[in-house]
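Encoded as structure tokens, the structure appears first; notes follow it.
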Amino acid sequence: MTSSRSANVEGAASSRPVGGPTYVVLTGNPNSGKTTVFNALTGLRAKVGNYAGVTVERKEGRLLGSPEIKVLDLPGTYSLAPQSLDEQIARDVLLNRLPELPEPALVVVVVDASNLQRNLYYATQAIELGYPTLIALNMVDVAEANGHQINAGKLATTLGVPVLPIAASSGRGLPELRKGILSALNQKVVTDGRRGGARFCQLPGPFAKESGAIADLLAAHFKEHRRQAAAEALLILSNEKALASSLQHYPKAIQDAVDAARQRLDAAGVEWRSVAIEARYACVMTIHQAVVVETRPNDETFSDKLDRVLTHKIWGTLIFIAIMALMFQSIFTFAQIPMKAVQDVVDWFGGVVARSIPPGDLNSLLVGGVIAGVGAVIVFLPQILLLFFFIGLLEDTGYMARAAFLMDRLMSRVGLHGKSFIPMLSSFACAIPGIMATRTIESPKDRLVTILVAPLMSCSARLPVYALLIAACVPARAVFGIPKLMQGATMLAMYLLGIVVALLMAWLFKKTLLKGETPMLIMELPPYKRPLARIVLRHMWDRSKIFLRRAGTVILGINIILWGLATYPRDASVQIKFDRERIQLLKPAFPQVQSPADAVEKIKQLHAATNQTNTPEVDALVSQLDDLDKQEAGEKLRNSFAGRMGRFIEPAIAPLGFDWKMGIGIVASFAAREVFVSTMSTVYSVGSYDKSDIGIKNLAETLRQQKHADGSPVYTTLVAVTLMVFYVFALQCVSTVAIVRRETNSWKWPIFQWVYMGLLAWGLAFITYQGGRILGLG
């Protein structure tokens, strides 16, 4: 057994990349500014993938000016003893346990200077591994503002590694850091000779002896240098999770040796679980006292004063709701002018294409299917940009962590803690990164509950659906002097509805399927920072690129398919029937009309005449012809493949107030929620008479004009609200289903999630519509 495992490890080591790029590993605590340092070193040109065999993101980029050097950004971690999957990956990279990566040529530990003592715990662990190491002492400006004067030279001497003070947010010290990295790589700088297993902390004799024996076994089995083996031995001996999280790495001989050593330490009265931790904290405190001079009394900082208000259980909650309300109100107020500009460009382009191609299927496909469909989604780009701008602003200022802390009071009542709120809040942008962010949650049950409820947060893909229906059906009048207040309030209500039901479902899951104790929240609140425009704008653009990419790929492809489904099969009898009706309609005014071709020519003349002479007779004829156009388009769509599909599911959605055309949109949007918007655009434009010379109609206006056979409007305020409620809860996203499958490593949970959310969507939409009718709102 032992020899087999050892052979596997050696084989993995032998298959590591040889002669490839040089890897500089960037590591540090969460909230230490590591990502900002990484972006500065790589010029924001990061390649994001996954580590082999796991779902943790692997982010790397080439060092600016040195393409042969790669910078690998590890997930933030507080210790080499992992508590989550992200921290396990960070530990495995530093222990050189991943076959696809070579041994780090240099480790850069990013340390938050304003929280030096806490950061030094992990920094000393990383230094003890024996790699060439640099300390990037970040946020020195914040430390100085708080009255902490750090002697970087003395810190470097104490730690035995170079220490470079920087302020990554302002760019201070970053050129020196890059030079320090190149210098360390060229000189192959190592630490100050602390070899042979020497450590920063002093350990009791029995513990040191046992850990040294395990280090010998590790060095023999993994062919690693003695220093790394000594640091690793300390970890697996003193921390049960450190050994349990990597059983596949350790041969049975080492596992047995660790168990025997713990038994001997228990017999000797040595508390092996805490002795190393206490010794390191004592050492770190000594280092901190030696290198830090407090230049002013430890008074309450600006962040502390602000937190007394922003994290207050009453005022903090009201401020949080006000910030959310401001965000959604701004989406409707500020985005209108750029949205109008985008709509004008789409209309202009559609008109140019329509006039350049003769009437026919190709014209209909390009104008009614591609341009109208994709354009109907792209027009919401300004609102998407505004949403991501606000989210980026909240993240960059440090407010997001306060929101998580604030929500912990509420989350704890449903069996979760504030750490689950971060993935849920991230899901406002997209459920996929939100679900991936659950890897930081230690409890498997809490992580699964968070995954199951995260898609209930209204992601940016729902924003075009909400915005279209609100613009079409919710009055835009001012309330209390605030323009479009009802529209902004409706949008906020949809987001709050998702949050409330997500919490209720989390409570239900924690009481039934996934019972467990309510965990206690322990999290760091980073200091408030002045947001950097380039970081916020970069975040906004990166997320918007994903939206545009979907519009140019998924939505484009679906609209082409949908156009085909909505156009074919064609029934010649429908065309003949309506051509005859046109001829009969036009004969009193134009007796010479004898054929459909003549009818089309006369129709063109009538439209030209309408633009020149507004006579009642011509207007009446044109109106009657428009009605025939709509009837013909509806008949053709009803008989098409898409129409048959919509009518097939109509009995299931009719109790919700939805017609078969909405059913087409609901089915099509299983690929991506925003496809509903482009589907409606395609459905209402395919088969209509060619009026491309007057531009593509605004989709919201088109929805307002839809009528039932009895003349009543199809899209009432009640129907629009019901449709939005449906989209709040329905899992209309294939990509999310795929991610849940990957994160849970099972089809059971994504299928369960899709079914429960579908039932929730139908049930609450039914209550909304039927309840509204009972109250006389229908």
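Below is a table of values for the structure above.
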{"read-out": "Rounded percent of accessible protein surface that carbon and sulfur make up, the chain, 1.4 Å probe", "value": "62 percent"}
{"read-out": "Heavy-atom surface of the chain, accessible at 1.4 Å and reported per residue (Å²)", "value": "43 Å²"}
{"read-out": "Furthest towards positive pole of dipole, L203, H288, M424, structure part the chain, Cβ charges", "value": "L203"}
{"read-out": "Difference of contour (0.36 nm per residue) and Cα-Cα distance, A290 to S735", "value": "154.9 nm"}
{"read-out": "Sorted peptide list for 740-749, 660-669, 491-500, 452-461, criterion being average Cβ within 10 angstrom, highest first", "value": "452-461, 660-669, 491-500, 740-749"}
{"read-out": "Bridge type composition, the chain - antiparallel percent by DSSP, nearest 5", "value": "45 percent"}
{"read-out": "Acute angle (nearest 10 degrees) that the helix 444-453 long axis makes with the longest principal axis of the chain, alpha-carbon atoms", "value": "20 degrees"}
{"read-out": "Peptide ranges 571-582, 723-734 listed from the most packed, as the mean C-beta count within 10 angstrom indicates", "value": "723-734, 571-582"}
{"read-out": "Nearest 10 degrees, 0 to 90: helix 554-567 Cα axis against the chain principal axis", "value": "20 degrees"}
{"read-out": "Cβ-derived FRET efficiency at R0 22 Å, A282 paired with A260, nearest 0.05", "value": "0.20"}
{"read-out": "Sequence ranges 702-712, 114-124, ranked by mean other-Cβ count within 10 angstrom, highest first", "value": "114-124, 702-712"}
{"read-out": "Positive dipole terminus of the chain, leading residue within M662, G130, L775 (C-beta point charges)", "value": "G130"}
{"read-out": "Dipole of segment 22-162 [Lys/Arg +1, Asp/Glu -1 at C-beta], most positive-end residue of P82, I69, L116", "value": "I69"}
{"read-out": "Förster radius 22 Å - calculated FRET efficiency between H312 and R413 (Cβ-Cβ, nearest 0.05)", "value": "0.75"}
{"read-out": "The chain - Kirkwood radius from inverse mean 1/r over Cα pairs (Å)", "value": "30.0 Å"}
{"read-out": "Any cysteine of the chain lacking a neighbouring Cys Cβ under 4.7 Å - listed by number", "value": "C430, C459, C473, C733"}
{"read-out": "Dipole magnitude (debye, nearest 20) for the chain, charges at Cβ of Lys, Arg, Asp, Glu", "value": "560 debye"}
{"read-out": "With Cα atoms, 0 to 90° folded angle of helix 315-333 axis to the chain main axis", "value": "40 degrees"}
{"read-out": "Span from the segment 278-293 Cα centroid across to the segment 208-269 one, whole angstrom", "value": "26 Å"}
{"read-out": "Estimated 222 nm signal from helices in the chain, with DSSP H stretches of n ≥ 4 weighted -39500 (n - 2.57), rounded to 500", "value": "-19500 deg cm²/dmol"}
{"read-out": "Linear extension gain, L504 paired with E701, 0.36 nm per residue minus alpha-carbon span", "value": "67.2 nm"}
{"read-out": "15 Å beta-carbon shell around Y727, net charge (K/R +1, D/E -1)", "value": "+1"}
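The values are calculated or read from the model by the stated rules, or taken from the named source; none is laboratory data. Model, not experiment: these values are computed from the prediction. Cβ atoms come from the backbone with ideal geometry, glycine included; neighbour counts cover every protein chain shown. Ligands, DNA and RNA are excluded from the accessible area calculation, which covers all protein heavy atoms including side chains. Shrake-Rupley method; radii C 1.70, N 1.55, O 1.52, S 1.80 Å.
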